[in-house]
Amino acid sequence: MEYPSKLVESAVGEISKLPGIGKKTALRLVLHLLKSGEITTYALTEALNDLRSKIKYCQECQNISDDDICRICASHRRDRTTLCIVEDTRDVLAIENTAQYQGLYHVLGGVISPIDGIGPGELNIEKLMERISSSESECKEIIFALSPTMEGDTTAFYLTKKLKAFDLKISTIARGIPIGGELEYADEVTLGRSILSRTNYQQ
């Protein structure tokens, strides 16, 4: 594709590096910004610069935050006896959107994946152990909310062994058939886990 300007080509090249955005979509965005005027473009640029220079990671849970302690960890309304272990910030947002969980979180920053060169040392595991072993810790239950993949299961298994030294209840989120799903379309692993994780029928 030929561009009318090297500046446009450069902007398209950078925007198309974002996940899910190809060259055509990037070009549409660039042309939209040019039409929108300087204020819109400068506001976007300033927001992105602030994102990189001012964003922090919560000293407690490692979630992204505007302050040293995020709003969830700082809230007195949260249940401090439960700690939900997640892979990254997207998982925190997904769980928060359900409005069903009122405990705290700990963001690992990934999962153990030897193929990708990610071991326990690359994750926020030591900070998790320090948090739980702290004299101020009120934690009584650990909930693993990791993706049901080999890497997620490996990470949960590793953490379970590390946490054996503590008197904690360890649980994992249920895995099974989604609401509205049909059994014939479920894969064998999901269906099998649904059978094993069955619950009492409530009338």
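Selection of segment 56-82 for residues being under 16 Å from the mean Cα position of the chain (by Cα) and either at pLDDT below 95 or assigned to a strand (DSSP E or B) (or both) yields Lys56, Tyr57, Ile64, Ser65.
Of all residues in segment 32-55, exactly one satisfies the criterion of being assigned to a loop (DSSP other than H, G, I, E, B) and more than 28 Å from Glu130 (Cβ to Cβ), namely Gly37. A single member of Ile177, Ile195, Ile170 is of a type in the set (A, V, I, L, M, F, W, C) and within 30 Å of Gly117 (Cα to Cα), and it is Ile170. Being at positive phi and not hydrophobic (A, V, I, L, M, F, W, C) holds for only one residue in Gly119, Gly103, Gly109, and it is Gly109.
Restricting attention to segment 103-144, the residues that are assigned to a strand (DSSP E or B) and more than 19 Å from Thr81 (Cα to Cα) total 2.
Taking the criterion of being out of contact with any helix residue (DSSP H, G or I) (no Cβ under 9 Å at 6 or more places or on another chain) and either small (Gly, Ala, Ser) or within 26 Å of Ala47 (Cα to Cα) (or both), the residues of segment 71-94 that qualify are Arg71, Cys73, Ala74, Ser75, Asp88, Thr89, Arg90, Asp91, Leu93, Ala94.
The values are calculated or read from the model by the stated rules, or taken from the named source; none is laboratory data. Bear in mind the structure is a predicted one, so any value in this text is a computation, not a measurement. Don't worry about glycine lacking a Cβ; one is built from the backbone with ideal geometry, like all the others, and counts go over all protein chains shown.
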